[in-house]
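The values are calculated or read from the model by the stated rules, or taken from the named source; none is laboratory data. Worth saying up front: this structure is predicted, and the values here are computed from it rather than measured. With ideal geometry, Cβ positions are generated from the backbone for all residues, glycine too; neighbour counts draw on all protein chains shown. Note: accessible area is taken over every heavy atom of the protein model, side chains too, but ligands, DNA and RNA are not part of it. Shrake-Rupley method; radii C 1.70, N 1.55, O 1.52, S 1.80 Å.
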Amino acid sequence: FAAGILGIVGITLALAFGTSSGALVNTMIVDLDTTTAGIQATRTVSSGALVDIAIVSANITAPYKGYQWELQWEDSKLDYISNAENSAGHGGTLCAPAAIVNDGPPGTEWVGQGAGCFRTSGTTSFAGNLVTVQIQCVADGATEVKLVTFVEDGLYGSSFLADGGGEMPTAYTNA
């Protein structure tokens, strides 16, 4: 990359957990460019730039009561700035703030740690932007932006939540 440019390129990964019929389950997707229609798996930005990314729900085959999220990236490349939950879209009003944790693999930053929203009543099949996360590019180079799974973090990993708050089968698409 040229000086001053960070490519949030990474490899697009799709970890799809199927039901017994082989159909995909509720999916969380990282969208690296909220200003461009559709899901963007790659993006190049200038060093120092503030960037809005989103976690998007798709393929909703089972209504959910809420969700929680946790993201990971290379600590030397990006910094977390803020996030905004899309309560108007998914209807979740009991929202937990994001926390920055450094208990992931060495050299990574984990942001979220149970951040997300829960509905006070009923479930939803909302598909769309769950949360917008603002990050800042702090160094040149490429990094993967990925959803931390429940396998990687059994308490705070990214997942849709059922009535009572239990984890639901969730598929992930990272950037």
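Among the listed options [x] 16.1; [y] 20.8; [z] 16.8, the one matching Kirkwood radius over Cα pairs in Å as calculated from these coordinates is [x]. In this structure, A99 and E152 have a Cβ-Cβ separation that, at R0 = 22 Å, corresponds to a calculated FRET efficiency of about 0.85. At a Cβ-Cβ separation cutoff of 4.7 angstrom, cysteine residues of the chain with no neighbouring cysteine are C137. Averaged per residue, the chain has 43 square angstrom of accessible surface, using a 1.4 angstrom probe with ligands and nucleic acids left out. Within the listed set E85, E70, E152, the Gaussian network model of the chain (springs between alpha-carbon atoms below 10 Å) gives the highest mean-square fluctuation for E152.
With R₀ fixed at 30 Å, the C-beta to C-beta distance from T35 to S76 puts the FRET efficiency at about 0.75.
Bridges between two residues of the chain, per DSSP, are antiparallel at a rate of about 95%. Per atom type, region 21-77 shows carbon and sulfur on 49% of its accessible surface, probed at 1.4 Å. Taking 0.36 nm per residue of separation and subtracting the Cα-Cα distance, full extension of the segment from S87 to E167 would add 26.8 nm.
Once the chain from A58 to A127 is taken as fully extended at 0.36 nm per residue, the excess over their C-alpha distance is 24.3 nm. Just want to confirm a number: the relative contact order over region 19-175, from Cα pairs under 8 angstrom separated by 6+ residues, in percent. After rounding, I find 34 percent.
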